[in-house]
Amino acid sequence: MLQEPTVYPTVVEFVENYFTIVYRRQVTDLNDTVWCPEWYKHAEAFARLDALWRAWEHYRLNSETGMGVWLLDHAAPHMAILTDQEGPFRYCSVRSGHQYTLTPLPVTLPPAGYRSESGETAGSPCFYSSVSEFVAEYFSIVYQRQVFDRSDAVWCPEWWRHQEATLRLESAWRAWEHFRLDSATGMSVWLLDHADPHLNRLIDQRGPFRYCSVRKGHEEKLQPLPMDDYREVFQSTPDLAREPHNEELEYPKALDFFEQYFAPMYRRQVYGLNDTVWCPRWWMHAEAYVRVDSLWRSWEYYRKTGSAGMSTWLLDFVDPNMRELLDRRGPFKYCSVTKGHSDQLSPLPVKTPNFDLSFLTE
């Protein structure tokens, strides 16, 4: 429960008597921002504005930086999503009112016997018994997007057939179970720092649902990231870095982690001409090796932390590192799955300075 007393007893009174008065925007005419006067009919809008109200009641008690943090770290990003033309108010307008065009993300339940995760979070029983239940009864209802027709968002009703989607949604579920215990800023943090970025990765046309669609269903076209055999090359080569300070490793080496876990989980279209590149001998690129090694080490750490651990690993480590590796301007610029590895890239050219730089460290 929120700390008493609160200025506004409900989120409805907060929105009507404070938020919409302070946060004024041009939403009446046709422009690049949208708004629905009946915002409470949108599960996502209700969740975001309820989170904003709770965060406001919390930060108002800090007379120094509270409102600054609330405005910049909570209100601004939530409103950017709510007023976005691709967001929850996509078919609504001030003139025409609320529209019931958007529906929950379509999901099909996994078959009987499907792996179902359950457990406790922060010492408390989970509200939802499994990730499947969480997605069907909460996540898909809160997040309603246009994924039926050809658009800039894709979705697979059988999300559980994708290892990456399962990992992301399970991570979002466990993070939700953790942050729901914080009645002040918990839901705002969960939406902005976990749910939003995970959803954006999932519905991206270049993501794990690339060849799937709501109308045609699941497509098993994406393959694990290809990797040439490294055993002969690394047979007598020591590791580039020390092992993690952890005696109970799931995978003994970074190469084993990539081959057995990461490549089958993180599938992307890297064959032929497209928007991503990949080198089957990624381990011959110093940068790629360091990045994958860091992914392995951070995974070994976060897999044991529970709560928001896996979500943090995916968003703060996997996504930025893989964005650099798959970028056509990155370390694999002249490589391809078809043609193989290329050594055309050289180290960044440097010259030894001809003057003393010690003053920079004094």
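The values are calculated or read from the model by the stated rules, or taken from the named source; none is laboratory data. These figures come from a predicted structure and were not determined experimentally. Here the Cβ positions follow ideal geometry from the backbone for every residue, glycine too, while neighbour counts run over all protein chains shown. Protein only, heavy atoms only, side chains kept; ligands, DNA and RNA dropped before computing areas. Shrake-Rupley method; radii C 1.70, N 1.55, O 1.52, S 1.80 Å.
Points to keep in mind about this one:
- C-alpha center-to-center spacing [region 148-172, region 269-331] in angstrom: 19 Å
- With all protein chains kept in place, the per residue accessible area of region 42-87 amounts to 42 square angstrom at a probe of 1.4 angstrom.
- Between G340, G113, G87, the GNM of the chain built on Cα springs shorter than 10 angstrom shows G113 fluctuating the most.
- For the chain, size of Cβ-based charge dipole, Lys and Arg +1, Asp and Glu -1, in debye: 1100 debye
- D_trans [Stokes-Einstein, Kirkwood Rh over alpha-carbon pairs] for region 1-158, 20 °C, 1.002 mPa s, µm² s⁻¹: 120 µm²/s
- Scaled against the 2.2 N^0.38 Å expected of a compact globular protein of N residues, the Cα radius of gyration of region 33-93 reads 1.20.
- Listed by chain and number, the aspartates and glutamates whose C-alpha is less than 14 Å from the C-alpha of K339, apart from same-chain residues fewer than 8 away, are D228.
- Amide N of region 264-308 lying under 13 Å from the label point, which is placed 7 angstrom from the Cα of L345 along Cα→Cβ: 277-292
- Surface share of carbon and sulfur [accessible, 1.4 angstrom probe, percent] for the chain: 51 percent
- Nearby lysines by direct alpha-carbon distance to K351 (threshold 30 angstrom, same-chain neighbours under 8 apart not counted): K333
- Scalar couplings 3J(HN,Hα) for region 31-43, obtained by applying the Karplus form with A = 6.51, B = -1.76, C = 1.60 to θ = phi - 60°, are 7, 8, 10, 10, 7, 10, x, 9, 4, 5, 7, 9, 4 Hz; x denotes Gly and Pro.
- The chain: Cys lacking any partner C-beta under 4.7 angstrom: C126
- Straight-distance candidates among the lysines for linking to K304, with alpha-carbon spacing under 18 Å and chain neighbours fewer than 8 residues away dropped: K253.
- Available extension along the chain between K41 and Y91 is 16.7 nm, counting 0.36 nm per residue and deducting the alpha carbon span.
- Spin-label model distance (nm) - R25 vs M284, 7 Å beyond Cα toward Cβ: 5.0 nm
- Given their separation in residues at 0.36 nm each and the Cα-Cα distance between them, V214 and V337 gain 41.3 nm when the chain is fully extended.
- Listed candidates (i) 54; (ii) 42; (iii) 37 - label of the one calculated as percent of Cα pairs over 28 Å apart: (i)
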